[in-house]
1. Based only on the alpha carbon positions, what is the Kirkwood hydrodynamic radius of the stretch 31-141, in angstrom?
2. Order of 348-361, 265-278, 179-192 by packing, highest average Cβ count within 10 Å first?
3. In whole percent, what relative contact order does the chain give with Cα contacts below 8 Å and a gap of six or more residues?
4. For the chain, set up a GNM with springs between Cα atoms under 10 Å and report which of 29, 44, 287 has the largest fluctuation.
5. Explain nothing, just the number: relative contact order of the stretch 270-390, from Cα pairs under 8 Å at least 6 residues apart, as a whole percent.
6. Between 154, 324, 198, where does the largest GNM mean-square fluctuation fall for the chain, given springs only between Cα atoms within less than 10 Å?
7. For labels at residue 295 and residue 356 in the simple 7 Å Cα→Cβ model, what's the distance in nm?
8. Can you tell me what percent of all Cα-Cα pairs in the stretch 109-243 are more than 25 Å apart?
Ligand SMILES: *Cc1c(COP(=O)(O)O)cnc(C)c1O
């Protein structure tokens, strides 16, 4: 066996769709001694983490926990627990993650009715209303709040009220919104909401926060059939995170330390301040990109503060742009996914990564690499536009 000598991982500036920059404090929390998963000191950290999660989810939901696994494990948890084989569900698809939700729901044995919107546009609430009317026997409406593949922020108010008026549950993907903007869990009575640790929560990947309304918790407790996944079965996991401390699986102890610390950072900043910071910096980035001569995919009112999709100008090779940003500036951004591959590039400003310095660095770097391909980027106008927004 040939084991290479210990290598130091290089520092990169993570400005893609996730993972996002992780503060030293969180990495230090991760490096604390591992405790037993039923140790009283660890249990106290778990309990506090639940309280902090309720704060960021803006909810009083008792069943609020962090599932092992990345954001997709949150999606599977939501679907396997809420769906029984043969159930009809309405899934909204306006990007890659909505389509993934459709796939997961189908694997749970659901009959899926899909409501779609073109990539770069939000779902029209009228279309959901019609689907609900045509399928009154559906049990839930599934939708992505922050569609990271396009940069669209999906308004939820009307859709949630149509679903609830019809007695259906709202299943919401908040992977790229939680910790960066309001996720109105209690305000809209969202029933099953999941996220991921490595986006706006600014923690390493590996945990999927989940919150479940009392009504959805009742549904899960009263299922006619067992949850088809043993590992993601909330009926058992709620007994481990609850008073009983019933052993189910070994909690990823050190990851919980890290999430706890990342959530403390959020609580110290305060949700309102954090949302305002994400919003203000996104506005500055958009103004800078437009002043540079670039176009954004999403109309202003539906843009996500955490993720911006930039239309690749005519004649520019976007793979080369990303490669040069990485090789010359150590900056990571994201490519387009699915239909948008080659057509957009995606820039995330999430967590501590959402700051003025990163915006300026990114604009200068992007302007430079675009110039090499003949695009006449106006870098000084871009920087002036940023100053103007942040003044
Ligand atoms: C990133 C993401 C996911 C999947 O999360 P992973 O951590 O990659 O498993 C799901 N939904 C949305 C909206 C995402 O942005």
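1. 16.5
2. Averaged packing, sorted descending, gives the order 179-192, 348-361, 265-278.
3. 23
4. Comparing 29, 44, 287 in the GNM, the peak value goes to 44.
5. Relative contact order here is 37 percent.
6. Answer for the Gaussian network model of the chain: 324.
7. 3.2
8. 31
No lab work stands behind these numbers, since they all come straight from the coordinates. Everything numeric here is computed off the predicted structure, so don't read it as measured data. We place every Cβ from the backbone using ideal geometry, glycine too, and count neighbours over all the protein chains shown.
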